[in-house]
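Have a look at the structure below, then the notes.
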Amino acid sequence: MNDTFLTLNALCEGIYKEKGSKFLSFAMPVCDAKTAMETVKEYRKRFYDARHVCFAFKIGTEKSETRANDDGEPSGTAGQPILGQINAANLTNVLIIVVRYFGGVLLGTGGLHQAYKTAAADALFNGKIIEQIIENQINIAFEYPILNSVMKIAKDFDLKITTLNLENNCTMQIAVRESLAAIVTQKLTETNGVVLQH
């Protein structure tokens, strides 16, 4: 079972110049569509004097959410080639914005397609692609005396404890690698006194 995905570790930038037009590209990791759209809004404010601020993003590892926007460029000449670069690199949870400063010479649809594609590719070339693990969160409750049994399971499977509340009734949230979720859940439920919470 594949429980990893590729994304960017941080913001990276690129540039492409053609016939006086300048295409500034910015590629970055994002975790949801709302954040992506807020970021686009910020870039539109920041580059208020640019002719176009086009973008594409892909979010999620299952039924991925994608969006491509031409921002006034001829349909399919900006957003789609940007998205094409995200797909070509097999990335997700990524937003690429390309800001165009018009240089006075029309590039035509083929020229625009090539310019946005190349600008997006340059940003990705300057970035660092990382592999991330898809994790499931498991919430459990148990009595304090069986803490050691629970901790042994956490240690055996190298689990990340994200929250831990040690009172009479203990609660814990664990981040589990997706491919191990079923076996870890089984081990926890087999431990007397552990209750899975939903």
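Where a number appears in this text, it was derived from the coordinates with a stated rule and is not lab data. The structure presented is a predicted model; accordingly, all values stated were derived computationally and were not measured. Using ideal geometry, Cβ is built from the backbone for each residue, glycine included, and neighbour counts are taken over all protein chains shown.
Which FRET efficiency, nearest 0.05, do Asn90 and Glu178 yield, Cβ-Cβ r, R0 25 Å?
0.90
Starting with the fewest neighbours, write out Cys12, Cys54 ranked by other beta-carbon atoms found within 10 Å of each beta-carbon.
Cys12, Cys54
Can you give me the distance in nm between label points at Lys160 and Lys34, each placed 7 Å from the Cα along the Cα-to-Cβ direction?
Spacing of the two 7 Å Cα→Cβ label points: 2.1 nm.
Fewest Cβ neighbours within 10 Å first, please rank Phe5, Phe57 accordingly.
Phe5, Phe57
So what is the 222 nm mean residue ellipticity for the chain from helices alone, if each DSSP H run of at least 4 adds -39500 (n - 2.57) and you divide by all residues, rounding to the nearest 500 deg cm²/dmol?
Rounded to the nearest 500, it is -10000 deg cm²/dmol.
Quick one: compute the contact order of segment 1-125, relative version, from alpha carbon pairs under 8 angstrom and 6+ residues apart, as a percent.
Once divided by the residue count of segment 1-125, the mean separation gives 37 percent.
May I ask which of Lys117/Lys160; Lys58/Lys187; Lys128/Lys160; Lys128/Lys187 have a Cα-Cα span longer than 31 Å here?
Details: Lys117/Lys160 39 Å; Lys58/Lys187 35 Å; Lys128/Lys160 25 Å; Lys128/Lys187 37 Å.
Those over the limit are Lys117/Lys160; Lys58/Lys187; Lys128/Lys187.
At a 10 Å Cβ-Cβ cut-off, how would you order Val105, Val98, Val40, fewest neighbours first?
With the sparsest Cβ surroundings first, the list reads Val105, Val40, Val98.
Tell me, what HN-Hα J-couplings in whole Hz come from the Karplus equation 6.51 cos²θ - 1.76 cosθ + 1.60 at θ = phi - 60° for each residue of segment 55-60, using x for Gly and Pro?
7, 8, 9, 9, 9, x
Could you tell me which GluC sites (Glu not before Pro) in segment 106-198 are loop residues by DSSP with no more than 14 other beta carbons within 10 angstrom of their beta carbon?
Glu167
Expected output is a single nm value to one decimal: the length gained when fully extending between Thr171 and Arg67, i.e. 0.36 nm times separation in residues minus the C-alpha distance. What is it? The partial results should precede the final answer.
Values: separation 104, 0.36 × 104 = 37.44 nm, distance 3.90 nm.
Contour length minus Cα-Cα distance gives 33.5 nm.
In nm, what is the difference between 0.36 nm times the number of residues separating Asp3 and Thr109 and their Cα-Cα distance?
34.3 nm
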